[in-house]
Every structure is written in C-alpha cells, then in structure tokens.
Amino acid sequence: MVRSIFSFFAKKKKMARSISYITSTQLLPLHRRPNIAIIDVRDEERNYDGHIAGSLHYASGSFDDRISHLVQNVKDKDTLVFHCALSQVRGPTCARRLVNYLDEKKQDTGIKNIMILERGFNGWEAAGKPVCRCADVPCKGDCA
Ligand SMILES: [Zn+2]
C-alpha cells in the first residue's frame, strides 16, 4: 500500500503539467489574488458580453502568435485560469497549447497551475458572479 502510494506520486511528478478545472464558486474568492491570472480566450464576444474583472484577453484566433507575449505577461503568476464562453473548446485548447509550449521551450517560468474555468464566462455570469463591462485594455480590474 505504502509503496503504491509512493509510486503514484513519483509518476505524477514526472508527468507533464496537467490541467485541472475550477468552478466559478471556487474562483470567485481567489480571482483578485496577485498570483492568479485569468486568461479570456474568447474572440470578439469579449467586447460586448463583458468580462471577469482583471482578466487578460488573448483571443483564441491569435493565441499562437501571442503565446510568448502571454508567458512574459504572467511571469509573476503561478496560477493561470483559462476560459472562453463555455470552456468547452477554445479554453481547453488554448490551455493545452500553453502546456505544450512550456514543455517544448523548457522556459523557466513560475507557472505551477494551469486551470480551466468550468462552464466558462457564460456559466460565471449565469451563476450571478460579477461582470466587468469596462472598455480598458487591459482591464484594470477595479470595477465591481
Ligand atoms: Zn474590466
């Protein structure tokens, strides 16, 4: 038993960065922490549907071209939370691309956790979580 638990952790350590899910309720009390970056990969919807305060915008359509900019931009963060409208396709795809990019580059970043916001921005809004509608780029995160 002890041995199998040990080998489980040993295996886990060797694995590439994994991606986990976080719910809007779990994220709400954390999302303004300075170690967390929320990465919105929606495309033009961000402009008219609002956004999570303080989230960074890296549209999925140009994500690959801006990935090194993103890595640079979050160098003081240890947790990245990706989302799109529903977090079904674009959010998980961009999160996976970042994992692959970091694995390839073997760049020294502080990124420890890569997560996906379950049900995306639409789920966040439907659950009554606060939505920022500022037009600032980037969002300063000081709206409610
Ligand atoms: Zn804003």
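The values are calculated or read from the model by the stated rules, or taken from the named source; none is laboratory data. What you are looking at is a predicted structure, and each value in this text was computed from that prediction instead of being measured. Cβ atoms come from the backbone with ideal geometry, glycine included; neighbour counts cover every protein chain shown. Remember, those area values only see protein heavy atoms, side chains included, never the ligands or the DNA or RNA. Shrake-Rupley method; radii C 1.70, N 1.55, O 1.52, S 1.80 Å.
Computed per residue of the chain from DSSP H runs no shorter than four, each worth -39500 (n - 2.57), the mean residue ellipticity at 222 nm is -11000 deg cm²/dmol.
Subtracting the Cα-Cα distance of Ser62 and Ser18 from 0.36 nm times their residue separation leaves 13.5 nm of extension gain. Modelled spin labels at Gln26 and Asp49, positioned 7 Å past Cα toward Cβ, are 2.2 nm from each other.
Amide H contacts under 5 Å for Ala53: Cys132, restricted to partners 5 or more places along the chain or on a different chain, H placed in the peptide plane at 1.01 Å from N.
Three semi-axes describe the equivalent ellipsoid of the chain; taken as square roots of 5 times the Cα gyration tensor eigenvalues and ordered largest first, they are 27, 18, 14 Å.
Charged side chains reduced to their Cβ positions (Lys and Arg at +1, Asp and Glu at -1) give the chain a dipole of some 860 debye around its Cα centre.
On average, how much area does the Cα convex hull of the stretch 87-144 cover when viewed from any direction, in nm²?
With every direction weighted equally, the projected area is 5.4 nm².
Taking trypsin sites (Lys or Arg not before Pro) across the stretch 87-123, the ones in a DSSP loop with at most 10 further Cβ atoms lying within 10 angstrom of their Cβ are Lys106.
Counting only whole DSSP H helices of the chain, there are none at least 24 Å long by C-alpha along their axis and with mean Kyte-Doolittle hydropathy no lower than 1.0.
Panel note: the C-alpha atoms of the stretch 34-86, placed on their principal axes, show extents of 29, 24, 16 Å (largest first). The modelled label-to-label distance for the pair Lys112/Arg33, using points 7 Å beyond Cα in the direction of Cβ, is 0.9 nm. Think of a 1.4 Å ball rolled over the protein heavy atoms: the chain then has 59 Å² of accessible area per residue. Applying a 4.7 Å Cβ-Cβ cutoff to the chain leaves Cys84, Cys94, Cys134, Cys139 as cysteine residues with no disulfide-compatible partner.
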